[in-house]
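A.B. asks: Sharing a structure with you now.
Each value in this text was obtained by applying a stated rule to the coordinates, not by laboratory testing. The structure displayed is predicted, hence computed values, not measured ones. Ideal geometry is used to build each Cβ from the backbone, glycine not excepted, and the neighbour counts take in all protein chains shown.
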Amino acid sequence: MLKYLVIYEKTDTGYSAYIPDLPGCIAAGKTRKQVERNIFEAVKFHIEGMKLEGLPIPKPHTESEMLVFA
């Protein structure tokens, strides 16, 4: 099982998302829920394409942490 970090960003027109460990794997949507569905499908499509081309699937290595400032 692979577990990738997803970065979600609010934009002027909705939301975008990307996977730091899968360069080029991005998605957008008008709502957070829509971009969540879109990035899930984008990851599946991205990995499927890499497999078909015989490319190695990158191992997840990105970590995150939330910093809180008062």
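A.B. asks: Please give, to one decimal in nm, the separation of the simple spin-label points placed at Ala70 and Lys33, each 7 Å out from Cα toward the Cβ.
C.D. replies: Output for this residue pair reads 3.7 nm.
A.B. asks: Now, a different point. At 222 nm, what helix-only mean residue ellipticity would the chain give, in deg cm²/dmol to the nearest 500, using -39500 (n - 2.57) for each DSSP H run of four or more?
C.D. replies: Working: 1 runs with 21 residues, N = 70.
Calculated from helices alone, the mean residue ellipticity at 222 nm is -10500 deg cm²/dmol.
A.B. asks: To the nearest 20 debye, what charge dipole does the chain have about its Cα centre, counting +1 at the Cβ of each Lys and Arg and -1 at the Cβ of each Asp and Glu?
C.D. replies: For this selection, approximately 240 debye.
A.B. asks: Still on this structure, I have one more. Rounded to the nearest 10 degrees, what's the angle between the helix 32-52 long axis and the longest principal axis of the chain, both from Cα atoms, 0 to 90?
C.D. replies: Roughly 20 degrees between the two axes.
A.B. asks: Among rounded, prolate and oblate, which fits the chain when a ≥ b ≥ c are the square roots of the eigenvalues of its C-alpha gyration tensor, a/c under 1.5 means rounded, and a/b larger than b/c means prolate?
C.D. replies: Note, shape of the chain comes out oblate.
A.B. asks: How far, in nm, would the chain grow between Thr62 and Phe45 when pulled straight, counting 0.36 nm per residue and subtracting the alpha carbon separation?
C.D. replies: On the way: separation 17, 0.36 × 17 = 6.12 nm, distance 2.03 nm.
Gain on stretching Thr62 to Phe45: 4.1 nm.
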